[in-house]
């Protein structure tokens, strides 16, 4: 198949999943065309099966804000025709599904290119649910030829918000070969010069991720005698506030900010505990990646996280903002190496069993084939 994929080229989960999906599809013999404003996250190399088409923006004084959605639709239509695309698969509903639908409609007299929309979370629970975007988001769902969601939680949230239930759940995935534990790596020695246990958090530092809670957890862990350091991976609007809190709680020397990293596994794979104190997570991709690296997870029991983490088996779940319990849970792993290893091993087992790319990618391919078959039947009936 010739597949067009559009993602936000950022460090958000949708960009990561879309990038790795394209790579996995290409490895299985499909041709993948990324259509985006910049090279997507984790798309490290292009080859004869992985292509990139940059969306170019027109600069014109009349436009206070450049119309990216229209430029994207134009590029999608151009690529769909020039590369003979079989379908357009967009990640994150707004504005990608609308742009793809516009592209599909603009060229349908020549050929019909079905649109598949994958919902990742805040496109439904935050952006799409906003009163100003709700009608257009519902339209995007209704007009897509196929819709998938990354968790059962997100499917249910979409049904409740948009009264739309034609959704297939295809969860996020990991490649077991890319995510595995790294004992005694140079990065580990650098981050833990005195054999401190490493608490690791990865996010885009938005308020919904509650990165400041990680600093509170570290402070409480150390106050209870835990010899630990906190490694903060990523960047975003809450970064300065988190820096300030670390100074206030006198743990600035034990809190290491490494910024955005192209290879996040370098840090996750050496962690002793992964912290995910979010107030909203539709899946929890970072937690899945940590489990694949045999790292137990201390997280909040919100959204799709309980679908990924088995409480008291691969990690511990808490209420939002309960940093006291999360600190105590982290201490259990810090003080009991045997428990940490047992939780880690079980976490990797379940991550591979449930979410291995070998299990999930065929689900996407089957969904593509189903949508293409249904579309061809409709086109035949309308001919």
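In nm, what is the difference between 0.36 nm times the number of residues separating residue 105 and residue 262 and their Cα-Cα distance? If you can, show how the numbers build up before the last one.
Values: separation 157, 0.36 × 157 = 56.52 nm, distance 3.68 nm.
The residue 105-residue 262 span can extend by a further 52.8 nm.
Hey, what did the chain get for relative contact order, percent, Cα under 8 Å, at least 6 apart?
Details: 741 pairs, mean separation 50.6, N = 383.
Relative contact order comes out at 13 percent.
How far is helix 337-355 tilted, in degrees, relative to the longest principal axis of the Cα atoms in the chain, given as a value from 0 to 90 rounded to the nearest 10?
Approximately 10 degrees, to the nearest 10.
Give me Rg/Rg_expected for segment 186-355, where Rg uses Cα atoms only and Rg_expected = 2.2 N^0.38 Å with N residues.
On the way: Rg = 14.2 Å, N = 170, 2.2 N^0.38 = 15.5 Å.
This ratio for segment 186-355 stands at 0.92.
Taking only DSSP H segments of four or more residues, each worth -39500 (n - 2.57), what value at 222 nm results for the chain once the sum is divided by all its residues, to the nearest 500 deg cm²/dmol? Write out the running numbers ahead of the final one.
Details: 14 runs with 166 residues, N = 383.
Mean residue ellipticity at 222 nm (helix-derived): -13500 deg cm²/dmol.
Below 8 Å, C-alpha to C-alpha, sequence gap of six or more: please give me the relative contact order for segment 186-355 in percent. Could the numbers behind the result be given before it?
Details: 327 pairs, mean separation 38.1, N = 170.
Answer for segment 186-355 is 22 percent.
Just grab the label-to-label distance for residue 310 and residue 241, each label 7 Å out from Cα along the Cβ direction, in nm (one decimal).
3.6
At 0.36 nm per residue, and after removing the present C-alpha to C-alpha distance, how many nm does the segment from residue 183 to residue 301 gain when stretched out fully?
Details: separation 118, 0.36 × 118 = 42.48 nm, distance 2.91 nm.
Full extension of this stretch gives 39.6 nm more.
Based only on other Cβ atoms within 10 Å, what is the fewest-to-most ordering of 177, 123? Could the numbers behind the result be given before it?
Values: 177 8, 123 27.
Lowest to highest Cβ neighbour count: 177, 123.
Among 270, 169, 7, what is the fewest-to-most ranking by other Cβ atoms within 10 Å? Working shown, then result.
Working: 270 24, 169 17, 7 27.
So the residues, fewest neighbours to most, are 169, 270, 7.
Can you put 170, 231 in order of Cβ neighbours within 10 angstrom, beginning with the fewest? It would help to have the intermediate numbers written out before the result.
On the way: 170 18, 231 22.
Ascending number of Cβ neighbours within 10 Å: 170, 231.
What does the convex hull of the alpha-carbon atoms of segment 142-233 project to on average, in nm²?
Values: hull surface 37.6 nm².
Taking a quarter of the hull surface, the average projection is 9.4 nm².
Assuming R0 = 51 Å, what is the FRET efficiency of residue 379 and residue 250, from their Cβ-Cβ distance, to the nearest 0.05?
Numbers: r = 66 Å, r/R0 = 1.30.
Working from the Cβ atoms, E equals 0.15.
Return the single residue from 56, 20, 307 with maximal mean-square fluctuation; model: Gaussian network over the chain, springs between Cα atoms under 10 Å.
It is 56.
Please check: in the Gaussian network model of the chain (C-alpha springs, under 10 Å), which one of 205, 164, 283 has the largest mean-square fluctuation.
Taking springs between Cα atoms under 10 Å, the residue moving most is 164.
Report the full-extension gain for the segment residue 69 to residue 369: residue separation times 0.36 nm, less the Cα-Cα distance, to one decimal in nm.
Details: separation 300, 0.36 × 300 = 108.00 nm, distance 2.72 nm.
Difference between extended and current length: 105.3 nm.
What residue among 230, 46, 72 shows peak mean-square fluctuation when the chain is described by a Gaussian network model with Cα springs under 10 Å?
Taking springs between Cα atoms under 10 Å, the residue moving most is 46.
Any read-out appearing in this document is the output of simple, stated calculations on the displayed coordinates, not a laboratory observation. Quantities reported herein were computed from a predicted structural model and do not represent experimental measurements. No Cβ is skipped: glycine too gets one built from the backbone with ideal geometry, and neighbour counts run over all protein chains shown.
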